[in-house]
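Notes to accompany the following structure.
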Amino acid sequence: MIILKSSQEIDLMRRAGKITAAARALAGEMVRPGVTTREIDQAVAHFIKKQGAVPSFLHYGGYPANVCISINDEVIHGIPSRRALREGDIVSIDVGAFIGGFHGDCAATFPCGKVSAEAMRLIEVTRQSFFEGLKQARQGRRVPDISAAVQRYAEAAGYSLVREYVGHGVGRKMHEEPEVPNYVEPEQKRPRLLKGMTIAVEPMVNAGTADVTVMGDGWTVKTADGSLSAHYENTILITDGEPELLTDPI
Ligand code: MF3
Ligand code: CO
């Protein structure tokens, strides 16, 4: 069942989204050579708690940290550690915050210092693929209209969309219906978008093939071919007009 949010619930989601987006911005500002991913995790957790919110990911399904930080060929769910960032890394940071009964969820990939032109292009195409999807996020269109727009844009640039992980509804739970895939296929559900739906659109784009594997830590997802991967996500509200970004984009 897809939950439509009331205007009071939307106000609460705006508050959760603001904090989540500010936490992502803070995390992005910390990306530089030498910083450890745990330092970023701790700073983000401190910020979220100072706002009166709770990091959504901590203990979610047993997840052991506050944010996900995935470097280079890591796609998503990288666990913060003593690993230090290096010049040229691309760093995907995924943040969730829970306050007032609702979650915000957003992610972005940041360059660490100067990165290769190919890496920068992957980051930019991934971000833009989200905005191509966003154009379809309107009442009366269907979820696969978003999926198709994301896929068309990223594939036209020569990249692959991860299939094992998808966008999703967001609300009182971090993952609600509907699923929002970044690809289309014939047997897919085709839910109609309605005013009051809140969804996270989150392309995960690989420079090489779409295949991914989960590492021995049980969380970190990497590209199977070792190619770079980027991620970009915002929580959005479907309205009867333009979609509203509940997490201020970066
Ligand atoms: N933020 C992820 C998503 O976009 C979920 C994080 S999984 C967790 O759906 F276990 F780390 F919380
Ligand atoms: Co998400």
Quiz prompt | Packing rank of 158-171, 132-145, 197-210, where each peptide gets the mean count of other beta carbons within 10 Å, highest leading | solution = 197-210, 158-171, 132-145
Self-check item: Helical mean residue ellipticity (222 nm; -39500 (n - 2.57) per DSSP H run of 4+; nearest 500) of the chain
Solution: -9500 deg cm²/dmol
Exercise. Mind ranking HIS175, HIS231, HIS77 by accessible surface for me, highest first, 1.4 Å probe?
Key: HIS175, HIS77, HIS231
Quiz item: How many lysine pairs in the chain, separated by 8 or more positions in sequence or lying on different chains, have Cα atoms less than 14 Å apart?
Solution: 4
Self-check item: Listed residues MET120, ALA157, SER7: farthest to the positive end of the dipole of the stretch 1-160 (Cβ charges)
Solution: SER7
Self-check item: Over the chain, volume per residue of the alpha carbon convex hull, in Å³
Solution: 110 Å³
Exercise. Please find, in a Gaussian network model of the chain (springs between Cα atoms separated by less than 10 Å), the residue of GLY52, GLY96, GLY104 whose mean-square fluctuation is greatest.
Key: GLY52
Quiz item: In Å², what does the accessible area per residue of the stretch 1-156 work out to with a 1.4 Å probe?
Solution: 43 Å²
Self-check item: With every protein chain in place, the chain: carbon and sulfur % of accessible area (1.4 Å)
Solution: 51 percent
Self-check item: Centroid-to-centroid separation of the stretch 203-250 and the stretch 48-96 [C-alpha atoms, Å]
Solution: 13 Å
Practice problem: For the stretch 129-240, state what percent of all Cα-Cα pairs lands in each successive 5 Å bin, counting from 0 Å until the bin that includes the largest distance. | Solution: 2, 13, 22, 23, 19, 12, 6, 2, 0, 0
Self-check item: Cβ charges +1 (Lys, Arg) and -1 (Asp, Glu), total dipole of the stretch 7-243, debye
Solution: 640 debye
Quiz item: In debye, nearest 20: dipole of the stretch 1-143 around its Cα centre with unit charges on the Cβ of K, R (+) and D, E (-)?
Solution: 400 debye
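The values are calculated or read from the model by the stated rules, or taken from the named source; none is laboratory data. Keep in mind that this is a model prediction, so the values were computed, not measured. Using ideal geometry, Cβ is built from the backbone for each residue, glycine included, and neighbour counts are taken over all protein chains shown. Protein only, heavy atoms only, side chains kept; ligands, DNA and RNA dropped before computing areas. Shrake-Rupley method; radii C 1.70, N 1.55, O 1.52, S 1.80 Å.
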